[in-house]
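K.L.:
Here you go, one structure.
Read-outs: derived from the displayed coordinates by stated rules, not from any lab. On a predicted model such as this, the values are computed, not experimentally measured, just so you know. Here the Cβ positions follow ideal geometry from the backbone for every residue, glycine too, while neighbour counts run over all protein chains shown.
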Amino acid sequence: MLQHFFFYQNVIPRSVQHKYFNMIRRKLLDRYYLLKSRGDKETDRNTYTKTFFNFSYKLYRFHFGIFLPCHYSTLDESSPEYGHTCRVPSPYVMSFYRRGCVQHQKYIDFFQNVKKRNGSMQVSPNNRISHATRLFDAWASSTTKHVYSKRLGISYDTRY
């Protein structure tokens, strides 16, 4: 199919097509393995991987991707394909091969990753007064804090 694209397009000159052919071929193969890896995962996360990528040459933009059909059935009774699987490509894939076209994305089951808080945990308010109070308490008790930077490899002490 990639040879077919390069044969019929007239934007990219023939003299540089071989360079772009190898790059696009490599990106398509990478995209295939990324989608397979994402679909095979069994994690309870809502991260997704796009099924396509953009390729630009001068003022022209092309979209290449792997066709993964939406796995929902058509719901329009007036359609001759009522009850058949939707053939519109899905723009992304999630774990457990969850995917859907633009019309059916609202039916995808999203995981609810709500962290449960224990009743014993004390939640401090996050406002200006609490920060000012904490800073004043550190200053009043002459608290010294040792700071070490792994990136710069330096350490120093601070006192409020």
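K.L.:
How high is the FRET efficiency between ILE129 and TYR156 when r is their beta carbon distance and R₀ equals 30 Å, given to the nearest 0.05?
P.N.:
Details: r = 29 Å, r/R0 = 0.97.
Computed FRET efficiency for ILE129 and TYR156 comes out at 0.55.
K.L.:
To the nearest 0.05, how large is the calculated FRET efficiency for THR43 and ILE108 if R₀ is 22 Å and r is the Cβ-Cβ distance?
P.N.:
Working: r = 15 Å, r/R0 = 0.69.
Between THR43 and ILE108 the formula returns 0.90.
K.L.:
Going through the stretch 1-82, which trypsin sites (Lys or Arg not before Pro) have at most 16 other Cβ atoms within 10 Å and a DSSP loop state? Provide the component values of the computation, followed by the final result.
P.N.:
Working: sites: ARG14, LYS19, ARG25, ARG26, LYS27, ARG31, LYS36, ARG38, LYS41, ARG45, LYS50, LYS58, ARG61; in loops: ARG14, LYS41, ARG45, LYS58.
Listed in order of number, the matching sites are ARG14, LYS41, ARG45, LYS58.
K.L.:
I would also like to ask the following. Over all distinct Cα pairs, what is the inverse of the mean 1/r for the stretch 1-49, reported as the Kirkwood hydrodynamic radius in Å?
P.N.:
Values: mean 1/r = 0.0771 Å⁻¹.
So the Kirkwood estimate lands at 13.0 Å.
K.L.:
Select from HIS63, HIS71, HIS146 the residue whose mean-square fluctuation is largest in a Gaussian network model of the chain (Cα-Cα springs shorter than 10 Å).
P.N.:
So, out of HIS63, HIS71, HIS146, the one fluctuating most is HIS146.
K.L.:
Just to be sure I understand: if I project the alpha-carbon convex hull of the chain onto a plane and average over all orientations, what area do I get in nm²?
P.N.:
20.1 nm²
K.L.:
For the chain, what does -39500 (n - 2.57) per DSSP helix run (n ≥ 4), summed and divided by total residues, give at 222 nm, in deg cm²/dmol to the nearest 500?
P.N.:
Details: 3 runs with 44 residues, N = 160.
Here the helix-only value at 222 nm equals -9000 deg cm²/dmol.
K.L.:
Oh, and also: When ranked by the protection proxy of mean other Cβ atoms within 10 Å per residue, highest first, what sequence do the peptides 149-155, 64-70 form?
P.N.:
With the highest mean Cβ count within 10 Å placed first, the list reads 64-70, 149-155.
K.L.:
How far is helix 17-40 tilted off the main Cα axis of the chain, in degrees rounded to 10, range 0 to 90?
P.N.:
Tilt of helix 17-40: around 60 degrees.
K.L.:
Using 0.36 nm per residue, how much length does the chain from HIS18 to PHE96 gain when fully extended, once their Cα-Cα distance is taken away? Provide the component values of the computation, followed by the final result.
P.N.:
On the way: separation 78, 0.36 × 78 = 28.08 nm, distance 3.67 nm.
Contour length minus the Cα-Cα distance gives 24.4 nm.
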